[in-house]
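All remarks here apply to the structure that follows.
The values are calculated or read from the model by the stated rules, or taken from the named source; none is laboratory data. Remember, it's a predicted structure, so these values are computed and weren't measured experimentally. A quick note on method: Cβ atoms are made from the backbone with ideal geometry, for glycine too, and the neighbour counts reach across all protein chains shown.
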Amino acid sequence: MTSEIVSIARAELTADASRALITALNAELSAMYSEPGANHFGLDPAEVSGRRGAFLLVSLDGTPVGCGAVRLIDAEKGELKRMYVAPAARGKGLSKQLVTALESEARALGAKRLVLETGTRQHAALALYRGMGFHSIPLYGEYRLSPDTSVCLGKDL
């Protein structure tokens, strides 16, 4: 049995590997949610760099297979965004490692609470987040516009 080397590191949102993973995520979400207004793809590179946030890539044996971001909403609240692991890399615990790394990034940025939105049909994502201590919260921000497809969760750090 061979062991795969997992690495999680900061990356630029505009890097080729980052854009390829975001494109795959968007395609998967578009196929899952065809309703108007159900997809929220916006994330500005400035929101996930410096002291405002972080964008992380997960790699297996040097190949990027996943990504996720945290951005500060205010001085004490961060938001997880753009969480994705390629289908071929799922089931290896990478999402949990990625959420843990993003929580560490959020703490380093001064966040005391994390929030996120995921879709009602993303059962594995909902199980992951709930298993990591996230609880249902009221819809916030742009997600109030998609109450039939959005679930918002929060967690104190």
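Of the residues in region 21-51, how many are of a type outside the set (S, T, N, Q), more than 15 Å from the chain's Cα centre (by Cα) and either within 22 Å of R144 (Cβ to Cβ) or at pLDDT 95 or above (or both)?
6
Of the numbered conditions (1) closer than 24 Å to S146 by Cα; (2) aliphatic (A, V, I, L, M); (3) surrounded by fewer than 21 Cβ atoms within 10 Å (Cβ to Cβ), L116 satisfies every one except a single condition; which is it?
(3)
Filtering region 2-27 down to residues that are in contact with a strand residue (DSSP E or B) (Cβ under 7 Å, 6 or more places away or on another chain) and polar (S, T, N, Q), which residue is nearest to L43 (Cα to Cα)?
Among residues in region 2-27 that are in contact with a strand residue (DSSP E or B) (Cβ under 7 Å, 6 or more places away or on another chain) and polar (S, T, N, Q), the one nearest to L43 (Cα to Cα) is S18.
Would you say P45 is more than 27 Å from E12 (Cβ to Cβ) and out of contact with any helix residue (DSSP H, G or I) (no Cβ under 7 Å at 6 or more places or on another chain)?
Against the criterion (more than 27 Å from E12 (Cβ to Cβ) and out of contact with any helix residue (DSSP H, G or I) (no Cβ under 7 Å at 6 or more places or on another chain)), P45 does not qualify.
Within region 119-133, restricting attention to residues that are small (G, A, S) and without any contact (Cβ under 8 Å) to a residue 40 or more places away in the chain, which residue is surrounded by the most Cβ atoms within 10 Å (Cβ to Cβ)?
The extreme case among them is G133.
So which of S146, S150, S95, S136 ends up being surrounded by 15 or more Cβ atoms within 10 Å (Cβ to Cβ), at pLDDT 95 or above and among the polar types (S, T, N, Q)?
The match here is S95.
Does region 61-77 contain any residue that is among the charged types (D, E, K, R), surrounded by 16 or more Cβ atoms within 10 Å (Cβ to Cβ) and modelled with pLDDT of 95 or more?
Looking through region 61-77, at least one residue is among the charged types (D, E, K, R), surrounded by 16 or more Cβ atoms within 10 Å (Cβ to Cβ) and modelled with pLDDT of 95 or more.
Check G141 against each of (1) farther than 25 Å from M32 by Cα; (2) modelled with pLDDT under 95 and name the one condition it does not meet.
(1) is the only condition that G141 fails.
Of all the strands (runs of 3 or more DSSP E) wholly in region 51-157, which have at least 2 residues that are more than 28 Å from D16 (Cα to Cα)?
Answer list for region 51-157: 135-137, 150-156.
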